[in-house]
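*Asks:* Once you've had a glance at the structure underneath, I'll fire off some questions.
The values are calculated or read from the model by the stated rules, or taken from the named source; none is laboratory data. Everything numeric here is computed off the predicted structure, so don't read it as measured data. Every residue, glycine as well, gets a Cβ built from its backbone with ideal geometry; the counts of neighbours run over all protein chains shown. Heads up: the accessible areas ignore ligands, DNA and RNA and are worked out on the full protein's heavy atoms, side chains in. Shrake-Rupley method; radii C 1.70, N 1.55, O 1.52, S 1.80 Å.
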Amino acid sequence: MKNNRYPRLARLLRIMGTAVLTLLLFAGFLCYFSAAWYVSVYGRIGFDSVLYTLTQSLSGVQSGLIIQYLTGAAVPALAWTAALTLLLFAPWKKIFKIILFQKIKLQLFPFKWVFSCCICVLLSLLLVVHAAFNVQLVDYIISNMHLSSLYENEYRDPEQIQITFPEEKRNLIYIILESMETSYLSREQGGALEYNLIPELYQLAQDNVNFSHNTDVGGFREVSGASWTVGSIVAQTGGVPLRTPDGLSDWQNGYGKDGTFLPGLTSLNSMLRDNGYYQALMVGSDANFGGRKTYFATHGVDEIYDIYAARADGIIPRDYFVWWGMEDKYLFEYAKQEITEIAAMDQPFNFTMLTVDTHHVGGYRCEYCDSTYEENYENVISCSSRQVYEFVQWLMQQDFYENTTVVITGDHCSMDKGYFTRNVDENYTRHVYNCFLNAAAEPGRTENRQFSALDMFPTTLAALGCQIEGDRLGLGTNLFSDQPTLMERVGYANLCSELANRTEFYASKFYAKEK
């Protein structure tokens with residue numbers, strides 16, 4: 001009995017070992033192809049954005065991205081795993097050997113069990129390490145080994161700063177344009193292309209207030225923690241980047257999963273709430289995506305409109321869904337309807353809206369888009385510029401406009417890596433668009449500025465006519481003032497490095513309490 005039992009046990013252990021090694025191999029290939037897919041789609045925008053994405057649910061994500069991931073990462077990982085598993089562990093009957101020195105017989109194939117195991121473990125390890133470098137995980141780990149004192153030295157708490165609102169409070173309409181950057185301008189205008197894709201936005205910036213990195217229409221640079229939509233929104237409204245959790249215990253805090261999102265942060269929205277503003281957020285997708293709904297609700301927004309609200313209000317059919325939800329042509333019409341109603345209220349208002357058609361990959365081409373350019377993305381960008389301009393013209397014709405400040409800004413640089421690889425010099429430094437209309441402040445120096453999304457927070461308050469003690473809030477500087485920004489004082493590279501380094505201040509301050 002014993003002679004029969006042990007071969008069976010050995011065979012069972014080998015089968016179990018093969019299964020474990022196959023799973024290990026699949027994990028390695030999945031990491032490798034997932035990292036390659038992420039970088040090919042989004043570019044290298046920092047591991048903090050990857051980690052933040054992993055902490056969020058898939059609610060509201062564009063279905064096309066899921067399909068692209070499955071075909072671009074999951075399927076190749078399965079195929080390579082299956083092929084190598086067959087090569088390494090299948091019970092091949094034909095044996096290939098060579099004879100060395102007329103005596104030593106060396107089996108070339110099939111591989112010995114121990115050799116196959118070593119190949120599996122080593123290859124899996126190499127694939128994971130490659131993936132880690134590809135998505136900048138190594139840089140992220142190194143940064144978290146250094147403790148930064150940036151917040152202790154530079155953060156200006158709005159609760160401790162004297163901020164005076166004008167006697168007659170101004171309305172605010174804050175338009176966040178997905179992936180809108182000044183690279184879409186012609187080279188003669190400081191952009192990266194042979195032609196100007198956004199002449200309407202260019203004209204608005206020229207005719208109004210545009211803070212620029214050059215002497216023409218320009219914008220701000222991305223910094224660590226503000227290179228994706230939600231990160232940029234936090235930076236623009238709170239003056240701090242969005243840091244990913246420092247530990248596993250924090251993954252359920254501060255990022256929308258426990259019902260609050262950075263509750264200890266005094267933001268633009270929480271300040272406007274405390275000053276009697278009625279506030280609304282409008283997006284054309286699922287507001288839950290990325291924790292946006294929780295962030296704005298935590299900080300005092302009264303009403304949130306998204307794809308589901310649009311269906312309920314009859315803007316689109318009940319079963320309507322394209323791209324990320326509904327295209328911008330519906331968003332702008334919906335905004336006109338709701339702004340008209342909100343403006344009729346007997347209180348100042350803040351209406352924030354986020355476009356989506358220019359999202360990567362390739363953007364969404366609606367019926368308003370022309371076919372002027374070969375690249376679909378360029379036709380979408382051009383169409384977005386026209387739609388924003390027409391919406392602004394509508395705003396200017398409304399009775400409430402006289403006492404309303406309009407801010408138009410991109411959220412971050414486009415993540416459509418393929419488009420920029422094909423059309424833009426890799427040495428070109430990209431900047432995010434901004435424009436302030438009907439501001440209640442006169443700017444000093446608008447040209448040759450070095451700034452980031454962090455500076456939009458105090459600058460927006462200044463545009464509303466607020467007087468800010470010291471002209472600094474959060475980590476941002478009021479660009480209407482003559483104060484240098486943090487980036488201008490310490491340099492771009494140093495600022496990004498400090499923002500990426502570990503900080504004990506961030507979690508203890510911004511996760512701590514509800515505003």
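*Asks:* Tally time: how many residues in segment 338-358 are closer than 20 Å to L177 by Cβ and of a type outside the set (V, I, T)?
*Replies:* Qualifying residue count for the region: 6.
*Asks:* Can you tell me which residue is nearest to the chain's Cα centre (by Cα) among those in segment 277-309 that are more than 26 Å from T405 (Cβ to Cβ) and among the hydrophobic types (A, V, I, L, M, F, W, C)?
*Replies:* Result: F289.
*Asks:* Having 1 or more residues that are of a type in the set (V, I, T) is the bar; report the helices (runs of 4 or more DSSP H) wholly within segment 262-349 that clear it.
*Replies:* Those helices (runs of 4 or more DSSP H) span 292-298, 307-312, 328-343.
*Asks:* Also: Could you list all residues from segment 364-379 that are open to solvent by 10 Å² or more (accessible area, probe 1.4 Å) and touching a residue at least 40 places away in the same chain (Cβ under 8 Å)?
*Replies:* Y364, Y373, E375, listed by residue number.
*Asks:* On the given criteria, is E498 of a type in the set (D, E, K, R) and in contact with a helix residue (DSSP H, G or I) (Cβ under 6 Å, 6 or more places away or on another chain)?
*Replies:* yes
*Asks:* Sticking with this one: Between a first residue in segment 305-324 that is within 16 Å of F351 (Cβ to Cβ) and a second residue that is open to solvent by less than 30 Å² (accessible area, probe 1.4 Å) and among the β-branched types (V, I, T), which pairs have beta carbons less than 7 Å apart while being 6 or more apart in sequence or on different chains?
*Replies:* Within 7 Å, the pairs are D306/V283; A310/I316.
*Asks:* Still on this model: Scan S34, S59, S40 and give me the residue that is within 30 Å of L242 (Cβ to Cβ) and at pLDDT 80 or above.
*Replies:* One residue alone meets the criteria, S34.
*Asks:* Looking at A310, A335, A344, can you tell me which residue is under 23 Å from N269 (Cβ atoms) and open to solvent by 10 Å² or more (accessible area, probe 1.4 Å)?
*Replies:* That would be A344, the only listed residue that is under 23 Å from N269 (Cβ atoms) and open to solvent by 10 Å² or more (accessible area, probe 1.4 Å).
*Asks:* Give segment 186-219 a look and list any residue that's of a type in the set (A, V, I, L, M, F, W, C), out of contact with any helix residue (DSSP H, G or I) (no Cβ under 6 Å at 6 or more places or on another chain) and crowded, with 19+ Cβ neighbours inside 10 Å, or say none.
*Replies:* Within segment 186-219, L204, A205, V209, F211 meet the criteria.
*Asks:* In segment 382-437, which residues are more than 18 Å from the chain's Cα centre (by Cα) and among the aliphatic types (A, V, I, L, M)?
*Replies:* Passing the criteria: V388, V392, L395, M396, V406, V407, V424, L437.
*Asks:* Mind counting the residues in segment 488-511 that are in a helix (DSSP H, G or I) and open to solvent by 10 Å² or more (accessible area, probe 1.4 Å)?
*Replies:* 15
*Asks:* Restricting the first residue to segment 112-126 and requiring it to be closer than 14 Å to V20 by Cα, which pairs with a second residue that is small (G, A, S) meet a Cβ separation below 6 Å and a spacing of at least six or different chains?
*Replies:* Partner pairs satisfying both residue conditions: S124/G28.
*Asks:* Return the residues of segment 198-236 that are part of a helix (DSSP H, G or I) and touching a strand residue (DSSP E or B) at 6+ places or on another chain (Cβ under 6 Å); say none if nothing qualifies.
*Replies:* Passing the criteria: L204, A205.
*Asks:* Now for a separate question. In segment 448-487, which residues are without any contact (Cβ under 8 Å) to a residue 40 or more places away in the chain, touching a Ser or Thr at 6+ places or on another chain (Cβ under 6 Å) and either buried (at least 24 other Cβ atoms within 10 Å of the Cβ) or outside any helix (DSSP H, G or I) (or both)?
*Replies:* Residues satisfying the conditions are T477, N478, Q483, T485.
*Asks:* Can you pull out the residues in segment 14-31 that are open to solvent by 70 Å² or more (accessible area, probe 1.4 Å) and at pLDDT 70 or above?
*Replies:* Within segment 14-31, I15, M16, V20, L23, L24 qualify.
*Asks:* Another question, if that's okay. Any idea which residue in segment 270-293 is modelled with the lowest pLDDT, counting only those that are open to solvent by 30 Å² or more (accessible area, probe 1.4 Å) and over 21 Å from E168 (Cβ atoms)?
*Replies:* Going through the qualifying residues, I end up with F289.
*Asks:* Another question, then. In this structure, does L51 turn out to be at pLDDT 80 or above and open to solvent by less than 40 Å² (accessible area, probe 1.4 Å)?
*Replies:* No; evaluated as a whole, the condition is false for this residue.
*Asks:* On to the next question. Conditions first: (1) surrounded by fewer than 16 Cβ atoms within 10 Å (Cβ to Cβ); (2) in a loop (DSSP other than H, G, I, E, B). Q393 passes all but one, so which condition is the exception?
*Replies:* (2)
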